[in-house]
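The block underneath contains the structure these notes are about, expressed in structure tokens.
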Amino acid sequence: MVTLIMQSRIKKPSFLVFWIGLTTCQVVVASCALRYPKVLRPQSAFLNSFYAPIVIMFYMIAVGSTQLSSEIQFGTLKSLLYRRYSSTKILISKWLTLLLCAVTAYVGSLIVSLILKALLLNNRFSLNESITQHGKIWQAWLLTNISSFLTMLFLMSFVFLLATLFVNSTPAIITGVSTYFVASIFNQLMFMMIDKSPWLKWNPINMMNLGEQLSDSKMSNLTHLSFNQLTIGYLVYIVGFLSIGILIFKRKSIS
């Protein structure tokens with residue numbers, strides 16, 4: 001399985017180029033927070049890891065949307081099938097590759113955030129300072145990043161399902177990015193709809209609030225689900241999206 005994962009490594013866009021761009025973005029945001037603290041509060045910038053989660057989100061959507069379609073397009077997927085790898089093993093290897101990529105990116109961004117805090121913003125605030133509802137700053141920082149990671153993981157499972165539907169990379173990536181924006185906008189409207197129709201609380205977009213409810217228990221008033229219920233629904237949808245993706249991929253003709 002390790003060999004299969006290495007064979008399905010992410011080639012486009014280059015992870016190294018992405019890594020350099022992500023670090024550069026964090027440095028720029030940290031510098032802006034240092035120079036213009038009234039415009040961009042240093043504490044707020046740090047809590048969001050200098051906006052690294054947003055960059056990681058778009059990168060993972062792009063890779064997840066095009067990983068299958070690009071390999072179908074250029075014929076590399078056909079060579080794996082000819083080598084007697086089952087379609088299920090191919091998909092699992094790609095899921096694990098994307099997951100490893102996402103975890104590496106998040107851990108790396110956390111380390112860079114701490115370094116930038118120490119080098120540029122060390123005198124602006126302390127990690128042990130207390131903030132409302134979230135305990136100390138370092139605790140709120142970790143919870144914020146875990147929340148972003150869980151949201152991204154859920155969206156990736158859906159995007160990977162979409163990727164099995166397309167042969168061409170372009171509609172796959174457009175659909176993936178559009179899904180993120182639609183989900184973000186619809187989330188607020190969804191809470192109003194849930195108040196009127198409680199059964200809507202089980203819709204997949206509501207499950208994307210798991211991370212936020214983890215950091216703020218009061219979110220249950222909006223989601224109408226306990227943390228345990230939200231966790232179960234979250235996992236069921238992820239497994240469902242990935243399983244449907246396998247079924248679609250098995251029936252797809254790779255010419």
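The values are calculated or read from the model by the stated rules, or taken from the named source; none is laboratory data. All of these numbers come straight from a predicted model, not from anything done at the bench. A quick note on method: Cβ atoms are made from the backbone with ideal geometry, for glycine too, and the neighbour counts reach across all protein chains shown. For the accessible areas, the whole protein counts, side chains as well, though only heavy atoms, and no ligand, DNA or RNA atoms are used. Shrake-Rupley method; radii C 1.70, N 1.55, O 1.52, S 1.80 Å.
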Item to complete: Six or more apart or on different chains, Cβ under 9 Å: which pairs go from a residue in the range 135-156 that's on the phi > 0 side of the Ramachandran plot to one that's in a helix (DSSP H, G or I) and surrounded by fewer than 21 Cβ atoms within 10 Å (Cβ to Cβ)? Could you list them?
Response: G135/L143
Item to complete: Scan the range 89-98 and give yes if some residue there is modelled with pLDDT of 80 or more, open to solvent by 60 Å² or more (accessible area, probe 1.4 Å) and either aliphatic (A, V, I, L, M) or part of a helix (DSSP H, G or I) (or both), otherwise no.
Response: yes
Practice prompt. Mind listing just one residue for me: the one in the range 121-141 that is at pLDDT below 90 and in a helix (DSSP H, G or I) and, of those, nearest to I174 (Cα to Cα)?
Written response: A140
Practice prompt. Tally the residues that are closer than 16 Å to L143 by Cβ, open to solvent by 40 Å² or more (accessible area, probe 1.4 Å) and either touching a Gly at 6+ places or on another chain (Cβ under 8 Å) or not in a helix (DSSP H, G or I) (or both), restricting the search to the range 194-218.
Written response: 1
Discussion item. Please pick out the residue among L225, L230 that is modelled with pLDDT of 90 or more, part of a helix (DSSP H, G or I) and in contact with a helix residue (DSSP H, G or I) (Cβ under 8 Å, 6 or more places away or on another chain).
Written reply: L230
Worksheet item: Mind checking which residues of the range 116-148 are surrounded by fewer than 18 Cβ atoms within 10 Å (Cβ to Cβ) and within 15 Å of Y51 (Cα to Cα)?
Response: L142, I146
Worksheet item: In the range 163-183, how many are at pLDDT 75 or above, open to solvent by less than 20 Å² (accessible area, probe 1.4 Å) and in a helix (DSSP H, G or I)?
Response: 1
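For (1) modelled with pLDDT of 85 or more; (2) open to solvent by 40 Å² or more (accessible area, probe 1.4 Å), each residue gets a yes or a no:
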| residue | (1), (2) |
| --- | --- |
| A30 | yes, no |
| R35 | yes, yes |
| F46 | yes, no |
| A52 | yes, no |
| A62 | no, no |
| T66 | no, no |
| Y82 | no, yes |
| A105 | yes, no |
Item to complete: Can you run down the residue pairs with Cβ atoms below 7 Å, 6 or more apart or on separate chains, where the first is in the range 17-37 and over 13 Å from Y51 (Cα atoms) and the partner is open to solvent by 60 Å² or more (accessible area, probe 1.4 Å)?
Response: none
Worksheet entry | Residue satisfying condition, being modelled with pLDDT of 85 or more, assigned to a helix (DSSP H, G or I) and not small (G, A, S), within set F160, F149 | F149
Item to complete: Find all pairs meeting these conditions: Cβ atoms under 8 angstrom apart; at least six residues apart or on different chains; first residue within the range 176-205 and closer than 16 Å to M57 by Cα; second residue modelled with pLDDT of 75 or more and part of a loop (DSSP other than H, G, I, E, B).
Response: A183/M208
